[in-house]
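No lab work stands behind these numbers, since they all come straight from the coordinates. What you see is a predicted model; the values in this text were computed from it and never measured. Using ideal geometry, Cβ is built from the backbone for each residue, glycine included, and neighbour counts are taken over all protein chains shown.
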Amino acid sequence: MSFSLSIGGRLLGDRVVRASPASAPARYAVMLFVLQLAFGVFGPNPISELLTAIIAFLPALIVAIIITVIASAVAAAVKTLIEGSLGGLSYGKTLANIAAVFILGLGIIAALNPVGIATTVTTPVLVAVLATIGGILVVGVGGGLVRPCSPVGSPTSPPPRRWPPRSRPMSRTLPA
């Protein structure tokens, strides 16, 4: 019988099977459930309560991770879009970075809420930012931006500007 040492894998006979890094969260989740069952045999105890709290925290953590990933994807897309449209201007890249950081910050604040971290601080900030964006859209679309956005010739567009006729040269209008 032969023994071989394996780092990062497990032994099946003489063959080493390596687990992928993507399976690590699933492996630890199963381990938590098994530990909870094992410590539950001894009745109520502090370790069982701790494991129950950790298992109850996992769905909120998964939601927070998903929100952060989506926010970072949206931030990257907005940054690429702004750099593509304003890349020729001197402030194009700066504006793209500011927009990406703003969206990512908003996503991180939104991700902290399900986890329950600093909700007394992050919730008012999130509500204020979303209310500001909503107010800008309501005022802009409801009032100020409708006319410039309407196509030329539509009933809501202003009439074309009529320029005054060219004035005559001063030498002709003055009496000789």
To the nearest 0.05, the calculated FRET efficiency linking GLN36 and VAL127 through their beta-carbon distance, R0 being 35 Å, is 0.40
Lys and Arg at +1, Asp and Glu at -1: neighbours of THR94 with Cβ under 13 Å from its Cβ sum to +1
In sequence order, calculated HN-Hα J values of region 124-134 (Karplus, 6.51, -1.76, 1.60; Hz; x Gly/Pro): x, 5, 5, 5, 5, 5, 5, 5, 5, 4, x
At R0 = 35 Å the Cβ-Cβ FRET efficiency linking THR120 and VAL78, nearest 0.05, sits at 0.75
